[in-house]
Amino acid sequence: MGCCGSTKQYHELLAEVQSKCKEHPSGVGDEQLDVMKSCADELCKAFVMVVQTKGSDADAFTSIERLSEAVLSNLDSRITPELLKRDPADFKRVEEQIMQIGTKLNSVRASKATARLESHFDRLRTQHTDSRIKEIGPQLDAIKSPEQLLTGALPVVVLLDEACSGAPSSKSTVAMTLFKMCSALGAKTLSSLAALMRQDMDNVGALRKLAADLDAVAAKVSDAGETPWVPVLPRVNDMLRQTVVNICTKHKDMDSLLALSDLQRILVLWQNAADLEGCQAQIKELVEASPSRALEALRAAIETGDEETCKTLREYGSGFDDLCSKYDGLRDPGASLASTLATEYSSFKVSRHVASLEEQLAGGEAKDTTQLLQALESIASAWDASRAEDEALCGRLAAACDAVESWALTTAADAKAGYKGALQDFAECYDQVVGKLSLPPEHQPLLPRIIPHVASTWLARAEEELAATGRTKPPVILEALRIVISLEPTSDRSDEVKQRLSAVISETVNRVKASCSESLKAEDSAKQDALLKFAGEFDLVCREFLDAEAGLEGHSPPTLVRELELLKERQVATTHVEVIEAEIAKEPGMDPRILVKRFEDLRSSVGIFEKEDELVLRLREVFSSLRLRVAKSCREAAGEDHVKKLELIVDFAKKFEGLQADLGDLSPGFLASIAAAGADADLTDAETELAKDSGMDPKKVLLSVSNLKLYFPLLPDLEEGGAEMPRRLGLVCAAVRRRIGESYGKVLEPLDERRRNELRQFAGLFDSAISGLAGACPPDLRAELEERG
């Protein structure tokens, strides 16, 4: 049973191997190489099982031999030129994996699989090396000049490295050939070094890399051929080190300044020769000598007045700094030749400009402010922070500035207004320029000290103009105000200037308003227009100052334009009031329509009635007179029972009530007083008629009571129990009911039906007349009579 089981197992293993080999007859590189490894493992396992089986199974051995050949063929198919083109380490890894599988196959084959695989690998290496050697020869021969070395050497090194990596270890002739090629390239490199460095120091890095790569390849060839290789890189380094020494020594021995072009060539070596002992020290020593030479040259040029050389040297300093900044460790980060040269040059320039300023100040009393500013601006343009450390120069500058300021202040105190304006401009420019210089901390700006003098002079001009007899010149005053107000903010202005400025503004406003009043009386529209134009300009100039001053008092005054407009409105309003007064004074013939029209016109000038003055008092008196006139008319119309007239009077009273309210409630209760007069008149008529013992006329009573509906809605507080008019109406109602009731009781006989109908009709009209009136009895008199029959 065990024997049968083993036979079945190795047949299954062989069948599985056969299936894999059929599926993978060939391969590429290490792709699915693990499948071939598993096939080799399974063949070894099957081989052991066949050997351990009792009796010999020749067919099984034949199958194993055949299948091992299939696996070996798959491995052979992977050994191609493409495999050799891989990275050497990768190629070596794949080679080792293939040989490991071949070693396993050796145990199940009659012939060695590894011998076949090694032979295949050797053939591949030989073919590869031969092809590379054939490529190297022509390329190496083509390198005949230093320039060709730069472009052609590195590809040759790459081919040498590939040929060396693929060369079979047993071929010593191949190693010798490669060694000779390396030697030839090394010789070309050494012979071209000097020429290439003369052309461009940037070539140094490429040459050193070429030498290092060549040494690495040649070392492999030397190991393979057992021929010692003398490295090229140390010899290149020695030549480079000597070149650095020669260049630095040459320039240090020269008296002239190191040219930027030479410096640029040398500084390339700072990086490319950084690992060579002593090279950076030599270069740094040379570079550190340049600033002192440049400074000496600048001082010499300054002494001779050679501005062109000064400019060239300062440009040299900038270029020097730019070059040095590109190389770490060459100079201290804060070092700057351009700054050193600029400081030296500016020191000279500042000193010369200060001398020019001192020379101007040493002249007569008259000064040219333009030249003074030019001298100061020249100093400022050449000034830098380092000048503050020059105590002598700063002292000279401070003394010169003190002299300028003293002259400016003295001149401002004595000069005329026009020249003070120029001094103000000068002081403003002066402060801007001097602010860039290192003056003592206690130095104060000039402009704030000049301004009070300028303001005082212009205020004096305005005051003189206002005080002069004859016609005032508004442009002079306006110009003075504009200049004084623009000089400084209100918060910085002195109390004296503020007071004088306020007084000038106040007097100007009063003068303009007085002129406006005169022009209004004279109906001079041209003068009025001119005054309004001046007021507009005045407001533009003075508004900021007036608003600032008003802010302290909590209110802002109206503009001058508005004040003139109010004067004009007041003049118009006064005319309306005069017409109204004349109309009311008519006895008789007053026309209410004229009054209404004039009052309506007054509403457009309502702003002038905001404060109690003579015009407002006149209007109050107008409404008081009007109230008496309308009340009188209302009484008369009520006495005449003239309903149409009463309605017109009440309608006018309503209009007057609205007009007086619009004008500031100048006659409160106007309408109510008219209504009260009418109501009183009609109630009195009713009361008088009802008081008659005989001959009472019910129609008069009815007319008087009917008129009450015109008045009662206009009377205030009619719902209150103590109101006089409702109380009187209640008494009238009671008297009417009593008198009508008595009369109705006297005509109950059938023959008096006509009289009863008349009484019932009267009762119905009376009920309608009192319906809805405050204080009236219930409107049920007719119902009461009808109930009596």
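Can we say A289 is under 24 Å from M201 (Cβ atoms), assigned to a helix (DSSP H, G or I), touching a Gly at 6+ places or on another chain (Cβ under 7 Å) and open to solvent by less than 40 Å² (accessible area, probe 1.4 Å)? Before you say what the answer is, go through the steps one by one.
On the way: under 24 Å from M201 (Cβ atoms): yes; assigned to a helix (DSSP H, G or I): yes; touching a Gly at 6+ places or on another chain (Cβ under 7 Å): no; open to solvent by less than 40 Å² (accessible area, probe 1.4 Å): yes.
Here the answer is no, as A289 does not meet what is asked.
When the range 207-223 is filtered for residues that are among the β-branched types (V, I, T) and closer than 13 Å to R235 by Cα, nothing remains.
Being modelled with pLDDT under 75 and surrounded by fewer than 19 Cβ atoms within 10 Å (Cβ to Cβ) holds for only one residue in S183, S145, S119, S172, and it is S172.
Summed over the range 431-471, the residues that are within 42 Å of the chain's Cα centre (by Cα), acidic (D, E) and outside any loop (DSSP other than H, G, I, E, B) give a count of 1.
State whether the residues of the range 313-324 include one that is under 45 Å from the mean Cα position of the chain (by Cα) and part of a loop (DSSP other than H, G, I, E, B).
No, the range 313-324 has no match at all.
Test A631 against the criterion of being more than 17 Å from L595 (Cα to Cα), among the hydrophobic types (A, V, I, L, M, F, W, C) and either modelled with pLDDT under 85 or open to solvent by less than 80 Å² (accessible area, probe 1.4 Å) (or both), and give yes or no. No: the conditions fail for A631. Looking at this structure, is T249 closer than 17 Å to L210 by Cβ, in a helix (DSSP H, G or I) and among the β-branched types (V, I, T)? In short, no.
Scanning the range 376-411 for residues that are of a type in the set (A, V, I, L, M), at pLDDT 80 or above and open to solvent by 10 Å² or more (accessible area, probe 1.4 Å) turns up A398, A399, A403.
Only one of the numbered conditions (1) in contact (Cβ under 8 Å) with a residue 24 or more places away in the chain; (2) hydrophobic (A, V, I, L, M, F, W, C); (3) exposed (fewer than 15 other Cβ atoms within 10 Å of the Cβ) is not met by A676, and that is (3). Look at (1) under 28 Å from D767 (Cα atoms); (2) touching a residue at least 12 places away in the same chain (Cβ under 8 Å) and you find that V630 fails only one, number (1). Among residues belonging to the range 433-479 that are in contact (Cβ under 8 Å) with a residue 60 or more places away in the chain and more than 25 Å from Q371 (Cβ to Cβ), point out the one that is most open to solvent (accessible area, probe 1.4 Å). If we take residues in the range 433-479 being in contact (Cβ under 8 Å) with a residue 60 or more places away in the chain and more than 25 Å from Q371 (Cβ to Cβ), then P474 is most open to solvent (accessible area, probe 1.4 Å).
Could you tell me which of the residues S515, S519, S506 is under 19 Å from C542 (Cβ atoms) and either in contact with an Asp or Glu (Cβ under 9 Å, 6 or more places away or on another chain) or surrounded by 13 or more Cβ atoms within 10 Å (Cβ to Cβ) (or both)?
Numbers: S519 fails: under 19 Å from C542 (Cβ atoms); S506 fails: either in contact with an Asp or Glu (Cβ under 9 Å, 6 or more places away or on another chain) or surrounded by 13 or more Cβ atoms within 10 Å (Cβ to Cβ) (or both).
From the options S515, S519, S506, the qualifying one is S515.
Kindly indicate which of L648, L619, L615, L659 is more than 60 Å from the chain's Cα centre (by Cα) and either in a helix (DSSP H, G or I) or acidic (D, E) (or both). First the steps, then the outcome.
On the way: L619 fails: more than 60 Å from the chain's Cα centre (by Cα); L615 fails: more than 60 Å from the chain's Cα centre (by Cα); L659 fails: more than 60 Å from the chain's Cα centre (by Cα).
On inspection, the qualifying residue turns out to be L648.
If I filter the range 44-68 down to residues being touching a Cys at 6+ places or on another chain (Cβ under 7 Å) and either open to solvent by 70 Å² or more (accessible area, probe 1.4 Å) or among the β-branched types (V, I, T) (or both), which single residue comes out as nearest to E96 (Cα to Cα)? Looking at residues that are touching a Cys at 6+ places or on another chain (Cβ under 7 Å) and either open to solvent by 70 Å² or more (accessible area, probe 1.4 Å) or among the β-branched types (V, I, T) (or both), I get T53. When we screen D41, D30 for residues that are open to solvent by 30 Å² or more (accessible area, probe 1.4 Å), within 17 Å of S73 (Cα to Cα), in contact (Cβ under 8 Å) with a residue 40 or more places away in the chain and in a helix (DSSP H, G or I), the only hit is D41. Taking the range 17-27 as the range and being more than 17 Å from E65 (Cβ to Cβ) and open to solvent by 80 Å² or more (accessible area, probe 1.4 Å) as the test, the residues that pass are E23, P25.
Only one of these is within 57 Å of the chain's Cα centre (by Cα), modelled with pLDDT of 80 or more and either part of a helix (DSSP H, G or I) or surrounded by fewer than 21 Cβ atoms within 10 Å (Cβ to Cβ) (or both): L214, L210. Name it.
Numbers: L214 fails: within 57 Å of the chain's Cα centre (by Cα).
After applying the criteria, what remains is L210.
Counting the residues of the range 541-555 that are exposed (fewer than 12 other Cβ atoms within 10 Å of the Cβ) and either at positive phi or at pLDDT 75 or above (or both) gives 1. The residues in the range 61-113 that are among the β-branched types (V, I, T) and outside any helix (DSSP H, G or I) can be counted, and the count is 3.
One residue stands out in the range 759-789 among those that are modelled with pLDDT under 85 and open to solvent by 60 Å² or more (accessible area, probe 1.4 Å): the one that is farthest from the chain's Cα centre (by Cα), namely R788.
The values are calculated or read from the model by the stated rules, or taken from the named source; none is laboratory data. Predicted model, so just to flag it, every value in this text is computed and none were measured. Methodologically, a virtual Cβ is constructed for each residue, glycine included, from the backbone with ideal geometry; neighbour enumeration extends over all protein chains shown. Just the protein is used for accessible areas: all its heavy atoms, side chains included, with ligands, DNA and RNA removed. Shrake-Rupley method; radii C 1.70, N 1.55, O 1.52, S 1.80 Å.
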